[in-house]
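What follows is one structure encoded as structure tokens, with my remarks underneath.
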Amino acid sequence: MKTPKRLQSLLDEGLIDGVQRQLMSGKEAMVFVVRCGDESRCAKVYKEATQRSFRQAVDYTENRKVKNTREKRAMAKGTRFGKQAQEAAWQSAEVDALYRLAAAGVRVPRPYNFHDGVLLMELVVNAEGAAAPRLNDVEFTAAQARQHHATLIAEVVRMLCAGVVHGDLSEFNILLAADGPVIIDLPQAVDAAGNNHAQRLLLRDVANLRTFFGRFAPELLTSEYGAEIWALYQRGTLAPDTPLTGRFVHRRGPTDVGSVLREIDDARAEEAARRLRMAV
Ligand SMILES: Nc1ncnc2c1ncn2[C@@H]1O[C@H](COP(=O)(O)OP(=O)(O)OP(=O)(O)O)[C@@H](O)[C@H]1O
Ligand SMILES: [Mg+2]
């Protein structure tokens, strides 16, 4: 196909040899299949930030490291330079997370390069070599659902042990490759130790897996891996090979009504944002 403008500089720099086709255009990015030598790779072209408010909301970006104080001040003030700095920080967060997670042994697309707002990474493929489907596009038997759920819970644990919470994990951001599930779409990933919303986001990520795979294997619906994982993490005893039961005894005590109401408000706002995103 004709080279889209945003990919021209990668062609000029010799980072890619051609553009094969567009995979999809979402709200936040356009994704292309590109040729690099005799390999196909995936190029994710980030769009302008205008419609991204939900994942760039404060709960995701809280405590993110910024290069210098000038950028920090500009970002706080919302100047044009500040907005550019924020945009760059957002895009590079995905590359950073991919490198960090790949190093920790999490199955994510292998990152190759980040150039001019374009992330060049491994094209995740199915057994036929075509772009892999999202979990949402696949039907599973109960046994397959149990197996993929277990694999993905182990991946969530590995991520948390590497200090990362995905923050938008769902059947829409996991691809089914020939060799199993691959986690994608990480610009909103949060730092597990430094972000006050990390616990809530982790619990939601794990609950999304439960709800999705519970459609095929209903016994998963009563599991409580999220609470169990977070409790072990907080105690400092979580390791990638820690055995999990999926059961968790919640502490009984006086209920903090204020915090329950905050959770409900958060959940409502998130659901509204999610619907908005899916409507496109
Ligand atoms: N490395 C990859 N290999 C194969 N397909 C990919 C890869 N990365 C992304 N895709 C395809 O492109 C789609 C969008 O990618 P991604 O979720 O990273 O972008 P996004 O703009 O944040 O999307 P959305 O807003 O829809 O979640 C994915 O659902 C998937 O189908
Ligand atoms: Mg996505």
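Every number in this text was worked out from the coordinates using simple rules, so none of it is lab data. For clarity, every value in this text was computed on a predicted model and none was experimentally measured. Positions of Cβ are backbone-derived with ideal geometry, glycine not excepted, and every protein chain shown enters the neighbour counts.
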Stokes-Einstein D for the range 47-204 (4 °C, 1.567 mPa s, Kirkwood Rh from Cα pairs), in µm²/s, comes to 77 µm²/s
By how many degrees, 0 to 90 and rounded to 10, does the Cα axis of helix 257-278 deviate from the longest principal axis of the chain?
-> 30 degrees
Pulled fully out, how much extra length does the chain show between ARG252 and ARG146, if you take 0.36 nm times their separation in residues and subtract their Cα-Cα distance?
-> 35.1 nm
P(r) over all Cα-Cα pairs of the range 184-280, 5 Å bins from 0 to the longest distance, whole percent per bin, short to long, reads 2, 10, 15, 23, 24, 16, 8, 2, 0
The range 142-189 versus the range 81-115: alpha-carbon centroid distance in Å | 17 Å
Packing rank of 23-32, 246-255, where each peptide gets the mean count of other beta carbons within 10 Å, highest leading = 23-32, 246-255
What whole-number value in cubic angstrom gives the convex hull volume per residue for the C-alpha atoms of the range 85-171?
-> 121 Å³
Could you pull the Cα extents of the chain along its three principal axes, largest to smallest, in whole Å?
-> 62, 50, 35
